[in-house]
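The values are calculated or read from the model by the stated rules, or taken from the named source; none is laboratory data. Please read all numbers here as calculations on a predicted model, not as lab measurements. Don't worry about glycine lacking a Cβ; one is built from the backbone with ideal geometry, like all the others, and counts go over all protein chains shown. These area figures cover heavy atoms from the full protein model, side chains too; ligands, DNA and RNA do not enter into them. Shrake-Rupley method; radii C 1.70, N 1.55, O 1.52, S 1.80 Å.
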Amino acid sequence: MALLKKPSVKAGIGMTSQRTRDRMLSRLREQGIKDEVVLHAINSIPRHIFVDEALSIRAYEDVSLPIGYGQTISQPYIVAKMTEILRNGSNMNKVLEIGTGCGYQTAVLSKVAAEVYSVERIRPLVMKALDNLRLLKCTNVKLDHADGTMGLPQLAPFDGIMVTAAASHIPQDLLAQLAIGGRLVIPVGIDEQVLHLIVRTSTEYRQTALEAVKFVPLLGGTS
Ligand code: SAH
């Protein structure tokens, strides 16, 4: 009887056909994603398990979708793009994500980095992401319920930091937690947001503005 209580989760994993996922992959290639490691990672994560059953029919469309608590699951293109920028063609050891949401980007990161830490400020979303990541056996991921603008100083430095909510400015704490050669990918702006890449060299932080994006805001505190 206990198993019958959560049929949607159990039935969810294999529900979507490989053809639907292949179409998403072809679309990502058309949109300019080239890193085969990233495309393989995206292909290996079933996005429909991260959304409510009523929305799962739309899980492989290139759209962000609501996940409750006023938050969204990022659009596949932006997940692929940010992962490609962070990876920059090399394997990563330790990565930090700010804004776990339902854990979709976290799961993709778990396929391209040895260790992934992700921080989320809304507790029920941490619980939701934990369930999803357990179901997919993403064992190299650790989640934290906290305000991510301060990063995770006790675990720094990170090879990559990805912020998946829009910041009004680049948090100093996150810059300080980058390893030399480390990369920070972060949407910056309030109404008009632009994705920025910051690379830490031995002497400076090099900042590049990349493309216009649309994210929920990075907020302070926890709830
Ligand atoms: N990475 C997610 C995106 C979720 S939306 C995905 O793959 O779909 C962004 C998330 O950032 C929301 O869940 C929001 O609650 C969270 N967030 C916003 N400000 C935050 C902060 N200061 N610290 C941690 N999480 C934050």
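Rounded to the nearest 500, the 222 nm mean residue ellipticity of the chain from helices alone is -8500 deg cm²/dmol, with -39,500 (n - 2.57) taken per DSSP H run of at least 4 residues. The residue among Leu25, Val79, Phe158 whose Cα reaches farthest toward the positive pole of the charge dipole of the chain, with charges on the beta-carbon of Lys, Arg, Asp and Glu, is Leu25. For the chain, modelled as a GNM whose springs connect Cα atoms under 10 angstrom apart, the maximal fluctuation among Ala212, Ala165, Ala129 occurs at Ala212. With only Cα atoms counted, the range 123-216 has Rg and Dmax values of 14.5, 43 Å. Multiplying the residue separation of Lys34 and Leu155 by 0.36 nm and subtracting their alpha-carbon distance yields 40.5 nm.
If you wrap a convex hull around the alpha carbons of the chain, what volume per residue comes out, as a whole number of Å³?
Values: hull volume 26.3 nm³, N = 223.
It comes to 118 Å³ per residue, whole-number rounded.
When each of the peptides 21-27, 83-89 is scored by how many other beta carbons lie within 10 Å of its residues on average, the order from highest to lowest is 83-89, 21-27. Of the beta bridges DSSP finds with both residues in the range 104-223, what % are antiparallel, to the nearest 5? Bridges in the range 104-223 are about 55 percent antiparallel.
When +1 charges are put on Lys and Arg Cβ atoms and -1 charges on Asp and Glu Cβ atoms, the dipole computed for the chain relative to its Cα centre reaches about 740 debye. Note on the range 134-223: with charges restricted to the Cβ of Lys and Arg (+1) and Asp and Glu (-1), its dipole about the Cα centre is near 380 debye.
Pairs of alpha-carbon atoms within less than 8 angstrom and 6+ residues apart define the contacts here; what relative contact order does the chain have, in percent?
On the way: 427 pairs, mean separation 32.3, N = 223.
About 15 percent, as a whole number.
Sort Ile42, Ile170 by heavy-atom solvent-accessible area, probe 1.4 angstrom, most to least.
Numbers: Ile42 0, Ile170 30 Å².
Per-residue accessible area, sorted high to low, gives Ile170, Ile42.
Ranked by solvent-accessible area (1.4 Å probe, protein heavy atoms only, all chains present), the residues Lys34, Lys81 order from largest to smallest as Lys34, Lys81.
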